[in-house]
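Notes for the one structure printed next.
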Amino acid sequence: MAIVHQKGLNSIRDLDSSHLYLLENMRDKSLKAIEEKYCINQNKIRCFFHYQPTFYHLHLHINHLSNNLGDMPERNFSLNQIIENLKIDSDYYKKVSIQYLVKKNDKLYDLYKERFE
């Protein structure tokens, strides 16, 4: 995991094109460090953010492809895809609708149920 030091970045919703250097730097330095320390090729690593995150301070998950712990496609947003989207539209994550799976044991589910049932 790589944790962003910059305050005020809680989730991918807070990202815009001004953060491209930060994101590319996180990707490049993390992959280089993993390759040097563990001899794992970069194409065997996945880097992603969760949305909604478990805690609201922007952090990057870095997993080996063989590790299935990161297999939650409904929550995983690829770092490379985020970078590409922000290059296309500076405010992409402030505008786009993001579908989110809410589990029955989430507090958000209870709040939704109270409001709409």
Review point. Can you tell me which of Asp110, Asp91, Asp106 is touching a residue at least 60 places away in the same chain (Cβ under 8 Å), among the acidic types (Asp, Glu) and open to solvent by less than 90 Å² (accessible area, probe 1.4 Å)?
Key: Asp91
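Within the range 14-29, which residues are surrounded by fewer than 15 Cβ atoms within 10 Å (Cβ to Cβ) and closer than 14 Å to Ile82 by Cα? So that I can check it myself, show each step before the final result.
Step one: list which residues in the range 14-29 are surrounded by fewer than 15 Cβ atoms within 10 Å (Cβ to Cβ), which gives 16, 18, 21, 24-25, 28-29.
The answer is Asp16, Ser18, Tyr21, Glu24, Asn25.
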Exercise for review: Scan (1) closer than 28 Å to Leu108 by Cα; (2) touching a helix residue (DSSP H, G or I) at 6+ places or on another chain (Cβ under 8 Å); (3) charged (D, E, K, R) for the single condition Glu35 breaks and write down its number.
Suggested key: (1)
Review point. With respect to the numbered conditions (1) modelled with pLDDT of 95 or more; (2) in a loop (DSSP other than H, G, I, E, B); (3) among the aliphatic types (A, V, I, L, M), which one is the sole condition not fulfilled by Leu31?
Key: (2)
Check your understanding: Say we look at the range 1-13 and pick out the residues that are assigned to a loop (DSSP other than H, G, I, E, B) and within 12 Å of the chain's Cα centre (by Cα); which of these is surrounded by the fewest Cβ atoms within 10 Å (Cβ to Cβ)?
Key -> Met1
Practice item. State the number of residues belonging to the range 44-76 that are open to solvent by less than 50 Å² (accessible area, probe 1.4 Å) and within 18 Å of Lys103 (Cβ to Cβ). Key: 8
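Yes/no per residue for (1) outside any strand (DSSP E or B); (2) out of contact with any His (no Cβ under 9 Å at 6 or more places or on another chain); (3) modelled with pLDDT of 95 or more:
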position: Ile40; (1), (2), (3): yes, no, yes
position: Gln52; (1), (2), (3): yes, yes, no
position: Tyr56; (1), (2), (3): yes, yes, no
position: Asn80; (1), (2), (3): yes, yes, yes
position: Ile83; (1), (2), (3): yes, yes, yes
position: Leu86; (1), (2), (3): yes, no, yes
position: Ile98; (1), (2), (3): yes, yes, no
position: Asn105; (1), (2), (3): yes, yes, no
position: Asp110; (1), (2), (3): yes, yes, no
Exercise for review: Could you tell me which numbered condition Lys37 fails, if it satisfies all but one of (1) surrounded by fewer than 15 Cβ atoms within 10 Å (Cβ to Cβ); (2) in contact (Cβ under 8 Å) with a residue 24 or more places away in the chain; (3) charged (D, E, K, R)?
Suggested key: (2)
Point to revise | Cross-chain or 6+ apart pairs with Cβ under 6 Å, the range 13-28 first and in contact (Cβ under 8 Å) with a residue 40 or more places away in the chain, then in a helix (DSSP H, G or I) | key: Arg13/Tyr93; Leu15/Tyr93; Ser17/Leu86; Leu20/Leu86; Leu23/Ile83; Arg27/Leu79
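The values are calculated or read from the model by the stated rules, or taken from the named source; none is laboratory data. Here the structure is a predicted model, which is why all the values come from computation and not from measurement. Every residue, glycine among them, receives a Cβ derived from its backbone with ideal geometry; neighbour counts consider all protein chains shown. Side chains are part of the model used for accessible areas, which takes the heavy atoms of the whole protein and leaves out ligands, DNA and RNA. Shrake-Rupley method; radii C 1.70, N 1.55, O 1.52, S 1.80 Å.
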